[in-house]
Amino acid sequence: MAPLDITPMTKAEKLQSLEELAQKVLWLSTWTIHHANFVREKHDGLKVGGHQASCASSVAILTALYMSALRPEDRVAVKPHASPVFHAIQYLFGHQTQENLENFRAFGGAQSYPSRTKDADDVDISTGSVGMGPAMTVFMSMVQDYLRRHSDTVAARDSGRMVALVGDAEMDEGNMYEALWEGWKHGLRNCWWIVDYNRQSLDGVVPDQMFRLIDRVFRTTGWNVITLKYGKRMMEAFEKPGGKTLRRWISECPNDLYAALTFRGGAAWRGELTKDLSHDADAIRLIETYGDDDLQGLMANLGGHCIETLMEAFDEAAKDDTPTCFIAYTIKGWGLPLAGHKDNHAGILNEQQVTGFRDKLGIKEGDEWAPFAGLEDRAAELTQVLESAPFIRDGRRRFEAAKIPVPKHLEMPAQEQASTQEAFGKILYALAGDKKSALADRIVTTSPDVTQSTNLGGWVNRRGLFAREDRPDTFRAQQVPSAQKWEFKSAGQHMELGIAENNLFVMLAALGLSHSIFGVRLLPIGTLYDPFIARGLDALNYACYQDARFMVVATPAGITLAPEGGAHQSVSTPLIGMGQPGLTSFEPAFADELAEIMAWGFEHMQADDGGSVYLRLSTRQIEQPKRKMTDDLSDAIRKGAYWRQKPANTKSPVIIYTGAIAPEAEAAAAQIKGAGLLAVTSGDRLFADWRKLGRKSWIAELLDQAPKGQPLVTVMDGHPAALAWLGSVDGRQVIPLGVDRFGQCGDLPTLYAEYGIDTAAITAATKS
C-alpha cells in the first residue's frame, strides 16, 4: 500500500489508534471463533473450538508488532492458538478475506494454526506443534547469516529479525532449549522471542517461579531479557502515595490468585487488596480512588497489554542485534468475560456474552465483519496507521528463486566393492571439486556431530565449515596429523550441529525454505544415523508440512549395522519414509543407483510439485554390478524398480529386494533355476504411483512380466510391511521377509539368519 498523504500523527495519536485497533483485533478474533462455533452451519455436530482466551492474551503484543515494530524483512512465528488474532490483523491489512474468516477451521478457510501452505495470508512459519515455531526462528537467523556471506542480494538488504510469539506453557517443550543451546554455540543474533506470560496452561496455572527460570536460561545462553510486568497505568499508580505497597503486592501475588481475582472482577480485587494492604493507609486510600470497573482495568494493565510499554520495549531492543527475550505479563482471556478462569483454555463465549461485547464496542448487528464498525468516525486515522505500518511497506514478502541446473547424471567413481554410504561421500566429493558447478555452490550440508561418520568428510575438506568469522584448525596448526580439515570460514558450506536430531530437521526446514524466505535457493543435505530419525520426527513432519525442500541422508541403517546392536539399528524407518507426506524415500543397493537417485532428488527438491527426499543408506560393502547406465535403466531406477533378472518361465518364483540385502537376494535367485529378481529402489514411489494409476502404474507394468499365480518373496533389512503391499498390485500371495523386532549385536551371517533375511531363508520362502 502507498502511504497516505496525511499529516503525520503525534505519538499520542498513533498510540490511541493502535489501542483502538487492538480492540478491533480482539473483536474480530473473538467473532471469528464465535461464528465458526455458533453461526456457521454444522454438518457433523462436532465442536469447532478456537481458543478465544489464548487469543485475547496476545492481542496487544501482535498489534504492536505488526502495526508498528516489524519491518518487511522480519519474519514471525505466531503461537498456534493465536491464529485468529493473526488472521484478524491480516484482514485489516487487506491480506485476508471475510470468506476465509467465515470459514475458519473449515475446509479451505483460515487455518486453525498458521500455515505457510494452506493459509491465504502471509504466514512466515507454520506452527501447531508447540516449540517448533520458536525453534525455527533460531535456525532461520543462522541461515540468514549464512546467506549474507554467500549471496550479494541478501547481504545488500538489512538483516531481518526472526520473531516468535511464545506461549508460556510452550517453554515446557524440550526442543526449545535444544534450539537455544545451538543458537548460543553459533553466536545467534537478530532473534526475538516474546513470551505471552499469561501464567495459564491448558489444564491449570503455570508455576510462580517459572519466569525466574526463563530469565536465567535466556541470560545463560547470551540473550538479553526484558521483563514487561507493569503497564503505564500501573506505573502511574505506583508513583502515588501507597503505590510502592501496591506494587509489592502485585509482584508477590501468586499466579493462581491473580487469575482468580481477575475472573471475579473489581469488587473481588477491592476486597482482597483492602484486607492485605490494611497496614498501609495510603495504599487503602489509593485503592478507594478507583471504582470497581477502573480497579479491574488497573489490575489488568500488565505490560503485555499496554501497547505503549510494548512499543518502547521493541524500540529499545531494535537498537542492536542481540537476541532478546521479552517476558510479557498478560491475562489469559484479557478483555473477555472468561478472563482469568482456570478452565478458559477451551472455553468459548456464549451468545449473550458475545452480544454484550458487540454492543459495548458499538457494533451493529450485521456489521460484525466491517473493519471499522463502531469506529466509523475514526476510519481515516485507523486506515493511516494500517497503511503506514512498516511491515507491509513492500507488499507480500515471499520471494521466488530460479532453479539450479542439475546434470543428467552425477559423477560416480567406479569401484568393484562399495557401500552406498561410501558412494554418497564420493559423489559429494566429486561435486565439491568442481569449482564451476552452480549445483555444488548451492549445496549446504549439515549434521548433528556425525559429519565424518556419515561420510561428509570429503565434502567438508573441499568446501569448508561455515562460521561468520574465520577460525583456524588448531590441530592442523599444531601439526597434528588428521585426515579432516576442521577449519571454519565464512565461505564454508557445512553447518555443524550438536547431537540433537530435532535441531537437524529444524535447520533443514530453515535451509529448505531459503528460496521463499530470503530469495536465494539452497539445496540442503542433512546426514544422521538412520534410527535417530525418530528423535527428530516432529521437526521432520513440520519441515515437510511447510514444504521445505531438503535431502535427508540416513546412514547406516538396519541390522546390517551388526556389531552396534539394537540401540543403533533401525527397523521402522522405511515405513516412516513411506508414510511422511512431502518426503520421497529411496533405499538403493548400489552406487550407480544412488548417483541417479541423487540427481533426481536435486531436481525434485526444486520442482513446483516436488518435495524433500530421504535416502536410507548402508555401510555394507557389496560387489558393484558392471553395467552401463542407459537412459532406460536410469529412468527405471528413478521410478522405483527394475528387473535385474526377469523370470524364465511360468513356474519361476519372483524375489523382490531393496537395499543392502541385495547379495542375499542375488544368491537365492542364482540357486533357483529361472527365478526372477526385481530390484526396488523406492517402495515409496512405487506405492504412490500405484495408488494413482493402478493397472497403468510402473510396478504393474513390471509385475505383468512375472508368471501369473506365482507368489512374490519380498525381502529387506527393515519392516517387511514396506514391501508386503506389492501383492495387492495384481492379487498375488506375498511372503514378506524383513525385520519386525529390535536388533542385537552380532555379525551379518548370524543376524541375517536370526531375522530370516539370509539366502537360506529367501530360498526357503520361494518353496513355501
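Every read-out reported here was derived from the displayed coordinates using simple, explicitly stated rules and does not represent laboratory data. Because the structure is predicted, anything quoted here is derived from the model rather than measured. Cβ placement follows ideal geometry from the backbone for every residue including glycine, while neighbour counts extend to all protein chains displayed.
Worth pointing out:
- Between ALA483 and LEU257, the simple label model (points 7 Å from Cα in the Cβ direction) yields a spacing of 6.6 nm.
- Distance between the range 749-765 and the range 125-202 - C-alpha centres, whole angstrom: 49 Å
- Amide H contacts of LEU737 (H built 1.01 Å from N, under 5 Å, at least 5 apart or other chain): THR714, VAL715, MET716
- Extension gain from SER437 to ASP394, taking 0.36 nm per residue of separation minus the Cα-Cα distance: 12.1 nm
- Amide H contacts of LYS332: GLY340, each under 5 Å away and 5 or more positions distant or on a separate chain (H built 1.01 Å from N in the peptide plane; Pro and chain starts excluded).
- Pairwise label distance in nanometres, ASP292 with LEU537, each label 7 Å out on the Cα-Cβ vector: 5.3 nm
- Here the Karplus relation 6.51 cos²θ - 1.76 cosθ + 1.60, evaluated at θ = phi - 60°, turns the backbone of the range 218-231 into coupling constants of 5, 5, 4, 9, x, 8, 7, 10, 10, 9, 10, 9, 10, x Hz, with x for every Gly and Pro.
- Amide H partners (placed H, <5 Å) of LEU677, local residues excluded: ARG644, GLN645, LYS646, ILE655
- Per-pair calculated FRET efficiency, R0 = 35 Å: SER159 and TRP369 via Cβ, rounded to 0.05: 0.40
- Net charge dipole size for the chain [Lys, Arg +1 and Asp, Glu -1 on Cβ; Debye, nearest 20]: 1580 debye
- Computed from point charges on the beta carbon alone (+1 for Lys and Arg, -1 for Asp and Glu), the dipole magnitude for the range 232-301 about its Cα centre is near 120 Debye.
- What separates the Cα centres of the range 713-742 and the range 607-633 is a distance of 21 Å.
- Residue exposure sequence - HIS43, HIS341 - by fewest surrounding Cβ within 10 Å: HIS43, HIS341
- Taking label positions 7 Å along the Cα-Cβ direction at both LEU361 and GLU701, the computed distance is 5.8 nm, reported to one decimal.
- Stretchable slack from GLU469 to LYS232, in nm (0.36 nm times residue separation minus alpha-carbon distance): 81.1 nm
- In order along the range 444-457, the Karplus-derived 3J(HN,Hα) couplings, from 6.51 cos²θ - 1.76 cosθ + 1.60 at θ = phi - 60°, round to 10, 9, 7, 7, x, 6, 10, 4, 6, 6, 10, 6, 8, x Hz, and Gly and Pro are given as x.
- Computed from the Cβ-Cβ distance with R0 of 22 Å, the FRET efficiency linking SER768 to LYS708 stands at 0.75.
- Sorted by Cβ neighbour density within 10 Å, fewest at the top, the residues ASP74, ASP320, ASP717: ASP320, ASP74, ASP717
- Relative to the longest principal axis of the Cα atoms of the chain, helix 266-276 runs at roughly 80 degrees.
- Theoretical FRET efficiency, 1/(1+(r/R0)^6), r = Cβ-Cβ of ALA402 and ASN224, R0 45 Å, to 0.05: 0.70
- Taking every alpha-carbon pair under 8 Å whose residues sit at least 6 apart, the chain reaches a relative contact order of 11 percent.
- Our summary gives the range 232-301 a relative contact order of 44 percent, counting only alpha carbon pairs under 8 angstrom and 6 or more residues apart.
- By the beta-carbon count within 10 Å of each Cβ, the least crowded to most crowded order of TYR542, TYR642, fewest first, is TYR642, TYR542.
- Alpha carbon centroid spacing (whole Å) that separates the range 209-271 from the range 43-82: 23 Å
- Per-residue ellipticity at 222 nm from helix content only, as computed over the chain with -39500 (n - 2.57) for each DSSP H run of at least four residues, stands at -11500 deg cm²/dmol.
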